[in-house]
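Working notes, beginning with the structure itself.
Since every read-out is calculated from the coordinates, none of them should be taken as a lab result. None of these values were measured; they are calculated from a predicted model. Here the Cβ is made from the backbone with ideal geometry for all residues, glycine too, and neighbour counts use every protein chain on show.
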Amino acid sequence: MFGCIVAMPALGQSTTPASRSQSVDAKNIAPGFGGLLASDRLLLMPIDVELFSLSAGGVAEPRADWTAQALRHMNEAIRSRQRQARMVVVELIWSLSSI
């Protein structure tokens, strides 16, 4: 499963509507958004990541092993944050055949 966090500014903090604006830094938040409630859900969207190494001549060479490891680390981090926040996370699952 690959995914990315769509909105996670107040993850790990239990907020109520009255305290939403106090729980997050306003400069990093869209107007009108103050945080997540325990009843809110997060959407994980597919990640498209590919890592490369650059040769001395500047040629980009794909590194499948780096890419697989990076995806594994990102997914582990997402799952860890999900467990800490105790939030419901919904995965967006799609394939090119469904487009």
Name the residues whose placed amide hydrogens come within less than 5 Å of the amide hydrogen of GLU91, ignoring near sequence neighbours (fewer than 5 apart) on the same chain.
LEU44
If we count every other residue with Cβ under 13 angstrom of ARG41's Cβ, Lys/Arg +1 and Asp/Glu -1, where does the sum land?
-1
Between LEU54 and LEU92, what is the label-to-label distance in nm when each label sits 7 Å out along the Cα-to-Cβ direction?
3.1
What list of ³J(HN,Hα) values in whole Hz, one per residue of the range 30-41 in order, does the Karplus curve 6.51 cos²θ - 1.76 cosθ + 1.60 (θ = phi - 60°) give from phi, with Gly and Pro shown as x?
5, x, x, 9, x, x, 10, 8, 4, 7, 6, 10
Can you list the HN-Hα couplings for the range 65-73, worked out from phi with the Karplus curve (6.51, -1.76, 1.60; θ = phi - 60°), rounded to whole Hz and with x for Gly and Pro?
5, 5, 4, 4, 5, 4, 4, 4, 5
Distance between modelled label sites at ALA70 and LYS27, nm, 7 Å Cα→Cβ extension:
2.8
